[in-house]
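Worksheet: the structure to be examined is printed underneath.
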Amino acid sequence: MSDIDAGRLVGKAAAPTRRIRFTGPEGRPAASLGSRIVRRSWPPLLAVIITLLLWEVVYLSGWRPSYVLPDPATVLQRTGEMVASGKFWQALGTTMFRAAAGFGLALGIGTLIGLVVSFSRTLRAAIGSMITGLQTMPSIAWFPFAILLFGLSESAILFVVILGAAPSIANGIISGIDDVPKALIRTATVLGARGLSLYRYVVVPAALPAYLSGLKQGWAFAWRSLMAGELLVIIASKPSLGVQLQFHREFADTAGLMSVMIIILVLGMLIDGVLSRVSNGVRARRGMGPVS
Amino acid sequence: MRLGTAGPRGRMPAPHATTERAAISLRGVGKDFRGAAGETVALDSVDLDIDAGDFVCLLGQSGCGKSTLLNLIAGLDSPSRGSIDVGGRRVGMMFQDANLFPWLTVRGNIELALRLSGVPAREFGPRVDELLETVRLPRAASMRPHELSGGMRQRVALARTLAQDCSILLMDEPFAALDAITRDAMHDETERIWLERELTIVFVTHNVRESARLGNRVLVMTPDPGRIDSELRIGLQRPRRMEDPGVADRAADLHRRLSGRNEP
Ligand SMILES: Nc1ncnc2c1ncn2[C@@H]1O[C@H](COP(=O)(O)OP(=O)(O)OP(=O)(O)O)[C@@H](O)[C@H]1O
Ligand SMILES: [Mg+2]
């Protein structure tokens, strides 16, 4: 008979069914909240322990005198003391305000440029490669220029932070829009989406995961540029994390210096972690795997 | 080219087949693709008139240009030669792949189609429920596309297609991924919706029996280059079933045409 499918369901004896037991991931029964937290946090914990151990070993080897390279316990104690001081919170406030302002402005500017550029084919050809070029420019190279333009001021720092972060954000949205599957565009077109509604309902949501990766990368660049800026553009009246680094170096206070470094590292990772969570959540809802 | 038919005619005229004006009309349509393997003539000199309210099946082996033809009618591609006229009618299309929007739930996918058809938002809820009932997925509303099986995705795509307000409906192998029972149910629904909304349907399949079950007319296509080779008017009473002897009879005829053995 010409119909191939019709017989498929009927009249075929079912094979004896084998029982399969469904369990949680890795074969264990679904985990409780407590054990989930333990399982998630042990790899970073392990990394911290390894780092501290190596550091301790180097310290004990006597490679550098202890006033140049203190041991972990001393530094961690210093970090504790520092966090308890009001001066630290003032410095942190200045730095985080700059980070928020710079990243926020970069977000707005990068998103706007990305949308406009991806909307127009001509602009895309003209500016697209320039944006990628800007991304490869080490942001510290902008500072002499920024200082000439704005003097030793907040504006000079913000200028470079924005230049560091905005290209990544714009690039994220441009490549996201470029990579929207053509089949989805065609589907939306027959459903009646045109011009702006096509953008609003299909192109932009489809580009969201790439946009969020751009944000993550943008944040990393913003944070680096900000630290470079705070080291180069020192404004006397304003204590900041960068100023504290400089200050501790001038007084050859390695323990203090390393404490500030630890704070900078942890802050950068915390914000990256938040962005990663948002990004992986969006991807998981679409059945996409997490990025790293 | 053998247009016209060898099959028994006129047992029953097509319901609401108003012949006053063709809904879809193709004249000398050809489509070439330039690809890595050089130039492919996907379609060549296709002439076709489809009446408003007709149900036409396109039957042909893989690669003979069925999807290409639908894309041209939908206006997604433009022909290399010839002209296509749908008289300004709104064309809806269901693709060979479900193409659901992965960031929306099943409900969101169908709602978007309603929104783009200008349905007011307060009607979304009941309309979506009704459409999901139609495709027999009443409990899938809050699921995400990646959580569905292939056949379920295809049915959501059908619901989304039916959500739009169109008068011509193009369907590209919509039920190829379904089990026989669900597929039969979908055939009944497609037939019901076609009658109810007085749609013009062009339905692509490579299942001969399906084309005999659904169509008023079945157009048999041949590849290299893609052409419409012959046509069979089914002329059977509706509603039909896959198992009907008449359907089997037409299917056997179509099968002979497809395999190139025209006379038994
Ligand atoms: N975008 C494209 N670029 C190049 N060649 C194409 C393109 N789309 C289709 N073709 C070619 O056109 C021919 C017809 O393709 P089409 O998709 O219309 O076949 P079909 O009849 O729908 O087949 P199937 O039943 O497998 O879906 C094939 O030879 C294919 O290789
Ligand atoms: Mg096809």
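Taking each pair of different alpha-carbon atoms in the protein assembly as shown once, compute 1/r for the pair, average those values, and report the inverse of that mean as the Kirkwood hydrodynamic radius in Å to one decimal. Walk me through the numbers before you get to the answer.
Values: mean 1/r = 0.0347 Å⁻¹.
In the protein assembly as shown this quantity evaluates to 28.8 Å.
Mind checking A:179-191 for the average number of partner chain beta-carbons within 10 Å of each residue's beta-carbon?
Details: counts 0, 0, 3, 0, 5, 4, 2, 7, 14, 5, 5, 17, 15.
If you average over the peptide's residues, the count of other-chain Cβ atoms is 6.
Under 5 Å between amide hydrogens, which residues at least 5 positions from B:PHE203 or on another chain qualify, with H placed 1.01 Å from N in the peptide plane?
Amide H to amide H, under 5 Å and 5 or more residues apart or across chains, B:PHE203 pairs with B:VAL56, B:CYS57, B:LEU58, B:MET171.
What angle do you read, to the nearest 10 degrees and between 0 and 90, between the alpha-carbon axis of helix B:150-163 and the longest principal axis of chain B?
Taking the Cα atoms of chain B, the angle to B:150-163 is about 90 degrees.
List, largest first, the extents of the alpha carbons of chain A along their principal axes, each in whole Å.
Taking the Cα atoms of chain A, the three principal extents are 92, 56, 32 Å.
Please state, as a whole number in µm²/s, the translational diffusion coefficient that the Stokes-Einstein equation yields for chain B at 4 °C and 1.567 mPa s, with Rh defined as the Kirkwood radius across alpha carbon pairs. Each step should come with its number before you reach the end.
On the way: Rh = 19.1 Å.
For these conditions, the coefficient is 68 µm²/s.
Taking only complete DSSP H runs, can you tell me which helices of chain A stretch 24 Å or more along their own long axis by Cα positions and average at least -1.0 on the Kyte-Doolittle scale?
Working: long enough: A:33-61 (42 Å, 1.10); A:86-119 (49 Å, 1.18); A:154-178 (35 Å, 1.49); A:204-232 (40 Å, 0.62); A:254-285 (46 Å, 1.32).
Helices meeting the span and hydropathy rule in chain A are A:33-61, A:86-119, A:154-178, A:204-232, A:254-285.
Picking from A:ALA166, A:ALA210, A:ALA252, which is most flexible by a Gaussian network model of chain A using Cα springs under 10 Å?
Per the Cα network of chain A with a 10 Å cutoff, A:ALA252 tops the list.
Using a simple spin-label model with points 7 Å from Cα along the Cα→Cβ vector, what separation in nm is obtained for A:ARG124 and A:ILE185?
Once both label points are built, they end up 0.6 nm from each other.
Given the C-alpha atoms of the range B:115-264, compute the convex hull and give its volume per residue in Å³. Walk me through the intermediate numbers first.
Values: hull volume 20.7 nm³, N = 150.
Value for the range B:115-264: 138 Å³ per residue.
Tell me the relative contact order for the range B:184-264 as a rounded percent, counting alpha carbon contacts under 8 Å between residues six or more apart. Write down the numbers at each step before the final one.
On the way: 75 pairs, mean separation 21.9, N = 81.
It rounds to 27 percent for the range B:184-264.
Which lysines have a Cα lying under 18 Å from the Cα of A:LYS238, excluding residues fewer than 8 positions away in the same chain?
A:LYS87
Can you spot the lysines whose alpha carbon is less than 27 Å from A:LYS182's alpha carbon? Ignore those fewer than 8 places along the same chain.
A:LYS216, B:LYS31, B:LYS66
What is the ratio of the Cα radius of gyration of the range A:194-292 to 2.2 N^0.38 Å, with N the residue count, to two decimals?
Here the Cα radius of gyration is 1.53 times the empirical estimate.
Across all directions of projection, what mean area in square nanometres is found for the Cα convex hull of the range B:99-164?
Values: hull surface 15.1 nm².
If I average the Cα hull's projected area over directions, I get 3.8 nm².
Compute the FRET efficiency between B:ASP165 and A:ARG277 as 1/(1 + (r/R0)^6), taking r as their Cβ-Cβ distance and R0 = 51 Å, and round to the nearest 0.05.
0.80
Can you give me the relative contact order of the range A:71-285 as a percent, contacts being Cα pairs under 8 Å and 6 or more apart?
28
I need the Kirkwood Rh of the range A:67-119: take the reciprocal of the average 1/r across all distinct C-alpha pairs and report it in angstrom.
Numbers: mean 1/r = 0.0700 Å⁻¹.
Taking the inverse mean of 1/r over all distinct Cα pairs, the range A:67-119 comes out at 14.3 Å.
Would you mind calculating the gained length between A:ASP178 and A:TYR67 on full extension (0.36 nm times residue separation, minus the Cα-Cα distance), in nm to one decimal?
On the way: separation 111, 0.36 × 111 = 39.96 nm, distance 5.46 nm.
So the extension gain works out to 34.5 nm.
Out of A:GLY114, B:GLY108, B:LEU76, whose Cα points farthest toward the positive end of the dipole of the protein assembly as shown (charges: +1 Lys, Arg; -1 Asp, Glu; placed on Cβ)?
Positive-end residue among those listed: B:GLY108.
For chain B, modelled as a GNM with alpha-carbon contacts under 10 angstrom, which of B:ILE181, B:ILE201, B:ILE73 fluctuates the most?
B:ILE181
Nearest 10 degrees is fine. How inclined is helix B:245-258 to the longest principal axis of chain B, computing both from alpha carbons?
Between the helix axis and the principal axis of chain B, the angle is about 60 degrees.
First check a/c for the range B:66-183, with a ≥ b ≥ c the square roots of the eigenvalues of its C-alpha gyration tensor; if it is under 1.5, answer rounded, and if not, answer prolate when a/b is larger than b/c or oblate otherwise.
On the way: a/c = 2.19, a/b = 1.43, b/c = 1.53.
Oblate, because a/c is 1.5 or more while a/b does not exceed b/c.
How large is the Kirkwood hydrodynamic radius of the range A:66-223, counting all unique pairs of alpha carbons, in Å?
Values: mean 1/r = 0.0550 Å⁻¹.
So the Kirkwood estimate lands at 18.2 Å.
All of the numbers you see were taken from the coordinates with simple rules; none came from a lab. All of these numbers come straight from a predicted model, not from anything done at the bench. Positions of Cβ are generated from backbone atoms using ideal geometry, with glycine treated the same way; all protein chains shown enter the neighbour counts.
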